[in-house]
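Please treat every number below as a calculation from the coordinates, not as lab data. Here the structure is a predicted model, which is why all the values come from computation and not from measurement. Backbone-built Cβ (ideal geometry, glycine too); neighbour counts: all protein chains shown.
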Amino acid sequence: MDEHLPEAEVVISQPFYLYYLTRQRIDKAPNLKMAITAGIGSDHVDLDAAMEHKVDVTEVTFSNSISVAEHAVMMILALVRNYIPSHLAIIAGDWAISDCVSRAYDVEGMHIGTVAAG
């Protein structure tokens with residue numbers, strides 16, 4: 001990415017450490033007009049530097065909302081079904097199905113919700 005910054009007008013960045021849009025990178029991009037996040041959030045972009053250089057910072061709002069909802073459901077099922085302790089027991093060669101099943105439940109009939117979700 002760095003070698004293309006001097007001539008770049010638009011950068012599509014990712015919220016992963018190696019691709020943070022830091023002040024140093026923005027300083028190296030005199031033609032930069034827009035930084036688009038391939039995802040949501042802007043904590044990986046130096047917003048002060050972007051404002052100083054008049055660079056618009058955008059994101060793909062709602063791009064991961066389905067994935068986040070699916071992840072929440074997956075975590076609920078993992079907790080209710082006692083998945084992680086059971087998995088660790090199998091790995092340790094300690095597979096006692098009665099122990100795992102005694103702490104695993106069906107979600108049928110339960111009231112499930114999320115609290116303080118983003």
Run Ala104 past the list (1) touching a Lys or Arg at 6+ places or on another chain (Cβ under 7 Å); (2) in a helix (DSSP H, G or I) and report the number of the one that doesn't hold.
(2)
Would you check which residues across the stretch 37-57 are surrounded by 13 or more Cβ atoms within 10 Å (Cβ to Cβ) and either in contact with a Ser or Thr (Cβ under 8 Å, 6 or more places away or on another chain) or part of a loop (DSSP other than H, G, I, E, B) (or both) and list them?
Thr37, Ala38, Gly39, Ile40, Ser42, His44, Val45, Asp46, Ala49, His53, Val55, Val57
Out of everything in the stretch 5-36 that is in a loop (DSSP other than H, G, I, E, B) and of a type in the set (Lys, Arg), what residue ends up being nearest to Val55 (Cα to Cα)?
Lys33
